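Only the coordinates and a few stated rules stand behind these numbers; no lab work does. Since the structure is predicted, the reported quantities are computational estimates derived from the model, not experimental observations. Cβ coordinates were reconstructed from backbone atoms using ideal geometry, including for glycine residues, and neighbour counts include every protein chain displayed.
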Amino acid sequence: MSTDNAISLTELQNFVAEFWYHYDQANFAEMAAAFANDAVYVSRSDSGECPFEEALAADLSTAAQIIPWLTEHRNASPYPLRHHTTNLHITGNQGGVTYARFYIFVNQITDFVPFAVSSGVTEIGVRRGGGNSRGLEFTKMAVILDATNSEPLTGTGLPGAENAPANS
């Protein structure tokens, strides 16, 4: 695993937080500046079959495809809307790209009270470059939103769970 040009956890946290702030506030020029021209973006539910899959599903390559989709998606969403990044951690470095994973949590306000809209897992690739204040750019963003009802861990097949496949 090469660490050439590796991005620190602090740099990554600041970049991701700034991106979601600009997305939530509809600062589309700043949001767009966060994506590399050759970036890829995937969005879907964990099952791929939730009732509103059409509204969130995307499989895009290049910023020229990503930015219009994100702009349309944001314009169709409520305001205020808040995207929160939690448990951000670096998963690797390769070829000048730092890879990371985090939970995403989204809330909005209804009847003067914040409530949860969605949650999920996001995987990103980030490299140095780009024309934004952080000098970083996304090469990859995959947002997989939770849409499957929660159930007891036993029987899910996750490593460490009872009834998990051997050698997981």
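Points worth noting:
- Length-normalised contact order for the stretch 9-145 - Cα pairs under 8 Å, 6+ apart - percent: 27
- Backbone HN-Hα couplings from phi across the stretch 89-101 [Karplus 6.51/-1.76/1.60, Hz, Gly and Pro as x]: 8, 7, 9, x, 9, 7, x, x, 10, 9, 9, 8, 9
- Burial order of peptide ranges 59-70, 85-96 (average beta-carbon count within 10 Å, highest first): 59-70, 85-96
- Separation of alpha-carbon centers, the stretch 13-58 and the stretch 112-157, rounded to whole Å: 9
- Overall form of the stretch 27-83 per C-alpha gyration tensor (a/c, 1.5; a/b vs b/c): oblate
- Residue-averaged 222 nm ellipticity for the chain, from DSSP H runs of 4+ at -39500 (n - 2.57), nearest 500: -6500 deg cm²/dmol
- Dividing the C-alpha radius of gyration of the chain by 2.2 N^0.38 Å, with N its residue count, gives 1.10.
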